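The values are calculated or read from the model by the stated rules, or taken from the named source; none is laboratory data. Bear in mind that the values here come from a model prediction, so they are computed numbers and not experimental data. When we count neighbours, we look across all protein chains shown, and the Cβ atoms used for this are built from the backbone with ideal geometry, even at glycine. Side chains are part of the model used for accessible areas, which takes the heavy atoms of the whole protein and leaves out ligands, DNA and RNA. Shrake-Rupley method; radii C 1.70, N 1.55, O 1.52, S 1.80 Å.
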Amino acid sequence: MTAQPGATSAWIRRFHPAPDAATRLVCLPHAGGAASYYFPVSRALAPDIDVLAIQYPGRQDRRNEPCLDDVRELADALATELKPWTGKPVTVFGHSLGATLGFELASRLQSDGVELLGLFASGRRAPSRHRENESVHLSSDASLISTLKKMSGTESQFLDDDEVLQMILPAIRGDYKAAETYRYRQGPPLECPITVLTGDADTEVTMDEARAWSEHTTGAFDLRVFIGGHFYLNDHAPAVIARIAKQVADR
């Protein structure tokens with residue numbers, strides 16, 4: 001039997017429970033990321049929004065579980081885990097891999113009749129825009145670590161700690177495989193608004209690839225560009241959080 005609201009599963013971290021909030025925000029981490037990345041978001045939005053930060057398998061307290069290295073498998077599993085939490089309107093936020101996963105998750109929630117207030121897609125090209133020859137997940141450990149350092153998404157001290165690296169590299173590699181092997185399948189567009197957030201120096205997303213998200217919704221579309229690279233949101237967290245809060249408030 002699936003757990004009822006009030007109890008969390010291995011997938012869900014509810015750092016600041018807000019049972020009286022009118023809506024919920026589902027936060028999906030980047031490749032190699034964890035639910036704890038969204039602790040500041042949860043703290044800032046509670047008690048007005050009930051934040052559910054997602055913990056993928058294969059990391060931190062789930063490090064002994066096998067990674068899921070397929071976006072659709074992740075979305076299927078998450079849609080099932082979130083069913084007890086969809087009695088209130090839901091907003092989905094995802095960064096990088098989390099944005100692609102967010103789209104697939106939102107599609108499943110929409111099919112299940114969940115009231116979706118919006119999808120925030122951060123630091124990721126539109127699902128229908130594919131780049132050839134992406135193979136970070138097939139690279140050597142040294143090359144993978146070099147990529148992570150360039151992206152500035154993982155604390156550098158972890159990347160210099162061999163013991164920690166042995167624990168986190170399998171999850172990172174699995175996440176990159178999920179992101180790089182994902183291929184969009186034609187289906188009904190979302191009906192909720194899509195807000196795209198990107199850094200002006202992010203080499204992972206061109207402006208054309210960011211604007212292409214508009215093709216995936218019949219609802220409103222908005223594109224916000226921030227100064228910074230792939231992890232622009234580390235420097236602009238207050239503005240991003242304020243944008244989420246405003247959209248939810250304006251529903």
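Looking at the range 82-94, is at least one residue in contact with a Leu (Cβ under 9 Å, 6 or more places away or on another chain), open to solvent by 20 Å² or more (accessible area, probe 1.4 Å) and β-branched (Val, Ile, Thr)? Yes; the residues of the range 82-94 include at least one that is in contact with a Leu (Cβ under 9 Å, 6 or more places away or on another chain), open to solvent by 20 Å² or more (accessible area, probe 1.4 Å) and β-branched (Val, Ile, Thr). Scanning the range 22-70 for residues that are open to solvent by less than 50 Å² (accessible area, probe 1.4 Å) and among the charged types (D, E, K, R) returns Arg24, Asp50, Arg59, Arg62. All conditions but one from (1) modelled with pLDDT of 95 or more; (2) more than 20 Å from Ser96 (Cβ to Cβ); (3) of a type in the set (A, V, I, L, M, F, W, C) apply to Ala7; the one that does not is (1).
Suppose we keep only residues that are of a type in the set (Gly, Ala, Ser) and assigned to a loop (DSSP other than H, G, I, E, B) within the range 174-206. Which one would you say is farthest from Lys246 (Cα to Cα)?
If we take residues in the range 174-206 being of a type in the set (Gly, Ala, Ser) and assigned to a loop (DSSP other than H, G, I, E, B), then Gly187 is farthest from Lys246 (Cα to Cα).
Of all residues in the range 109-127, count the ones that are farther than 17 Å from Gly219 by Cβ and open to solvent by less than 50 Å² (accessible area, probe 1.4 Å). Number satisfying all stated conditions: 4.
Taking first residues from the range 33-51 that are under 12 Å from Arg14 (Cβ atoms) and partners that are of a type in the set (Lys, Arg) and part of a helix (DSSP H, G or I), the Cβ contacts under 9 Å between residues at least 6 apart in sequence or on separate chains come to Val51/Arg43. Taking the criterion of being part of a loop (DSSP other than H, G, I, E, B), touching a His at 6+ places or on another chain (Cβ under 9 Å) and over 18 Å from Arg173 (Cα atoms), would at least one residue in the range 58-70 satisfy it? Checked the range 58-70: no residue is part of a loop (DSSP other than H, G, I, E, B), touching a His at 6+ places or on another chain (Cβ under 9 Å) and over 18 Å from Arg173 (Cα atoms).
Take the residues in the range 207-251 that are open to solvent by 70 Å² or more (accessible area, probe 1.4 Å) and in a helix (DSSP H, G or I); name whichever of them is nearest to Ala121 (Cα to Cα). Per the criteria, the residue is Arg211.
Has the range 102-124 got any residue that is modelled with pLDDT of 95 or more and among the β-branched types (Val, Ile, Thr)? Looking through the range 102-124, at least one residue is modelled with pLDDT of 95 or more and among the β-branched types (Val, Ile, Thr).
Collect the residues in the range 27-81 that are closer than 21 Å to Lys177 by Cα and of a type in the set (S, T, N, Q), keeping them in residue-number order. Residues satisfying the conditions are Gln55, Gln60, Asn64. Tell me yes or no: at least one residue of the range 165-184 is closer than 21 Å to Ala106 by Cα, in contact (Cβ under 8 Å) with a residue 60 or more places away in the chain and touching a Phe, Trp or Tyr at 6+ places or on another chain (Cβ under 6 Å). Looking for residues that are closer than 21 Å to Ala106 by Cα, in contact (Cβ under 8 Å) with a residue 60 or more places away in the chain and touching a Phe, Trp or Tyr at 6+ places or on another chain (Cβ under 6 Å), one finds none in the range 165-184, hence no. Restricting attention to the range 128-155 and to residues that are at pLDDT 75 or above and under 20 Å from the mean Cα position of the chain (by Cα), the residue that is surrounded by the most Cβ atoms within 10 Å (Cβ to Cβ) turns out to be Arg129.
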